[in-house]
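Since the structure comes first, as structure tokens, the remarks are kept for the end.
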Amino acid sequence: LSLKDQFDNLDKHTQWGIDFLEKYAKFVKERIEIEQNYAKQLRNLVKKYCPKRSPKDEEPRFTSCIAFFNILNELNDYAGQREVVAEEMGHRVYGELMRYSHDLKTERKMHLQEGRKAQQYLDMCWKQMDNSKKKFERECREAEKAQQSYERLDNDTNATKADVEKAKQQLNLRTHMADENKNEYAAQLQNFNGEQHKHYYIVIPQIYKQLQEMDERRTIKLSECYKGFADSERKVIPIISKCLEGMILAAKSVDEHRDSQLVIDCFKSGFEPPGDFPFEDYSQNIYRTISDGTISTPKQEGMRIDSKTTVGKAKGKLWLFGKKPKPQSPPLTPTSLYTSSTPNGSQYPIFSIEPVHYCMSDIKTGKPRIPSFRSLKRGYLSLQGPALEDFSHLPPEQRRKKLQQRIDELNRELQKETDQKDALIKMKDVYEKNPQMGDPGSLQPKLTETMGNMDRLRMEIHKNEAWLSEVEGKVAARSDRRHSSDINHLVTQGRESPEGSYTDDANQEVRGPPQQHAHPNEFDDEFEDDDPLPAIGHCKALYPFDGHNEGTLAMKEGEILYIIEEDKGDGWTRARRHNGEEGYVPTSYIDVTLEKNSKGA
């Protein structure tokens, strides 16, 4: 009975072991769901803050922005490692636990069925032995009754001989049946004892051993799953450490001086600060009135007007941004309009353009003084149409940079055409030496086209270099003029020439037509920026690329680039590095991710 109770206890223990195994499998499943949700949330976070097709002023050119985007890329890789952890746990731990739990249930059921069958067979043997025992006991009691009846009749003198013989026969029959039941009981008892010994010493121990081995394997499997659970996390630790190191390197790459230089280069126009305002002497009219009252007839021939009077009148007429002269000022005399005389004595009228020139130079070199200046500039540009070929609509410094970039691009194209011409010449020589390889005449049209392209590119380079020289000369001349203007402004007694300089002699003034070479847009070019093409997505290099040819961009495996032009079907994609370097890379070498609505923008 006690052993039977132990069998039931083992039944309960093995069932508890399977329940615990399934409980741990449920724990692993919930951990996998947590990892998956965590990775999903991290990817959504990265996607939310990743650079999309932003406007020009939001291009990631600053080191702080580039570092932030690198951190986002590292965080995206970190989220991928969390997905790897979840996948490894699901495959190595959870899936294995579920399969082993099913096999464990099947094996336990088989062992318990064998134990129950052995117990049932022993119970059956015990019942057979008990029945034979009871039958033998019953036959013995019947034989005792028959013996007592025979002895009673044998001692009774009144009993007949027939009754005595009948009782004797009955006694013999019962004694014989008791002997047979005795033999059967002895046989059943011997059989039961043998089966019981076999049951408790062979069958049940074997079943218990199998259950024990099964439970030990379950424990070992749990231990392996515990280890696999930790290994799944430990395998990604080196990659996660690299992600964290990448974040640290991105943080260290932030350069405040470089960002400041980028801001300076972005908004640098090349214009000079406005000059100092000259002194306006409003007392000249008072002195002239007194002089006119004392002298009746002024001299007209060989007359020389004082420089202060000229400057005062010029500045007094500056009504556009200055003050209007007071009404009580006396009118100018007719002779004041004459500034020179001819050799024969006749005088000719000269109208000073100095106020207008000063006004225009102040507009060109100074900052806007009215709030609607920017809107007026936008309206004017909208009437002009597209940008000019020589970039004259840009400020000098930005124009110089644009021209230099175009010259560099043309030089790269010229180098490509030169390489292609050399290759065609070599191929033509090979065809001439080996006619069976091809017709040399078939290469002549392509060679002629290449030579024409080279001539065209040389002309374009020459034209742009001329524009660049003009810009550099203007910048240098403006700087020299600014320096001389600062020196001459210290001289209080002088005259203002149309070019903005001062001279002591009125006869040295040259009255020429207004300067027409300046572009109308030149006064507000500092509002234009030199921005690169906007990024329409990003890509990751799957393989390294050398980029020896002109126009191509070398890249390393795993490097992140910005996409500024999609593949047009030729197998090349235009990309840009974080530092602004652009070029073409093979489309098959990169993993492209385009932002949404990039084509329709």
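The values are calculated or read from the model by the stated rules, or taken from the named source; none is laboratory data. This one's a predicted model, so the numbers in the text were calculated from it and none came from an experiment. Every residue, glycine among them, receives a Cβ derived from its backbone with ideal geometry; neighbour counts consider all protein chains shown. Just the protein is used for accessible areas: all its heavy atoms, side chains included, with ligands, DNA and RNA removed. Shrake-Rupley method; radii C 1.70, N 1.55, O 1.52, S 1.80 Å.
When GLU245, GLU256, GLU301, GLU272 are checked against the criterion of being modelled with pLDDT under 85 and closer than 30 Å to PHE62 by Cα, a single residue qualifies: GLU272. Within the range 99-123, the set of residues being charged (D, E, K, R), touching a residue at least 12 places away in the same chain (Cβ under 8 Å) and open to solvent by 90 Å² or more (accessible area, probe 1.4 Å) comprises just one member, LYS105.
Within the range 270-281, is even one residue open to solvent by 80 Å² or more (accessible area, probe 1.4 Å) and assigned to a helix (DSSP H, G or I)? Give the steps one after another, and end with the answer.
Here is the first cut: in the range 270-281, the residues open to solvent by 80 Å² or more (accessible area, probe 1.4 Å) are 273, 276-277, 279.
Still in the running and assigned to a helix (DSSP H, G or I): none.
No, because not a single residue in the range 270-281 is open to solvent by 80 Å² or more (accessible area, probe 1.4 Å) and assigned to a helix (DSSP H, G or I).
Each residue in the range 264-278 was checked for being more than 22 Å from VAL471 (Cα to Cα) and touching a residue at least 24 places away in the same chain (Cβ under 8 Å), and 2 of them qualify. From the residues in the range 181-208 that are loosely packed, with under 14 Cβ neighbours inside 10 Å and touching a helix residue (DSSP H, G or I) at 6+ places or on another chain (Cβ under 8 Å), which one is farthest from GLU139 (Cα to Cα)? Checking each candidate, the answer is TYR200. SER223 satisfies every condition listed in (1) in contact with a helix residue (DSSP H, G or I) (Cβ under 6 Å, 6 or more places away or on another chain); (2) open to solvent by less than 90 Å² (accessible area, probe 1.4 Å) except (1).
Looking only at the range 542-583, count every residue that is of a type in the set (Phe, Trp, Tyr) and in contact with a Leu (Cβ under 9 Å, 6 or more places away or on another chain) and tell me the total.
Taking the range 542-583 as the starting set, the residues that turn out to be of a type in the set (Phe, Trp, Tyr) are 543, 545, 562, 572.
Next, only the ones that are in contact with a Leu (Cβ under 9 Å, 6 or more places away or on another chain) stay: 545.
Residues that pass the stated criteria total 1.
Scanning the range 554-585 for residues that are in a loop (DSSP other than H, G, I, E, B) and closer than 17 Å to CYS50 by Cα yields GLU559, ARG577, HIS578.
For the range 153-208, the set of residues classified as among the β-branched types (Val, Ile, Thr) and out of contact with any Asp or Glu (no Cβ under 7 Å at 6 or more places or on another chain) consists of THR157, THR160, THR175, ILE202, VAL203, ILE204, listed by residue number.
One residue stands out in the range 391-440 among those that are open to solvent by less than 60 Å² (accessible area, probe 1.4 Å), over 37 Å from the mean Cα position of the chain (by Cα) and in contact (Cβ under 8 Å) with a residue 24 or more places away in the chain: the one that is farthest from ALA466 (Cα to Cα), namely LEU424. In the range 145-155, the condition of being modelled with pLDDT under 85 and outside any helix (DSSP H, G or I) is met by no residue.
The combined condition, being modelled with pLDDT under 90 and of a type outside the set (Ser, Thr, Tyr), is fulfilled by PHE279.
Taken together, GLU96, GLU33 contain a single residue that is closer than 26 Å to PRO238 by Cβ, assigned to a helix (DSSP H, G or I) and open to solvent by less than 70 Å² (accessible area, probe 1.4 Å), which is GLU96.
If you check ARG108, ARG53, ARG116 for being at pLDDT below 95, of a type in the set (Lys, Arg), within 30 Å of VAL263 (Cβ to Cβ) and assigned by the TED database to the domain that holds GLU195, only one passes: ARG53.
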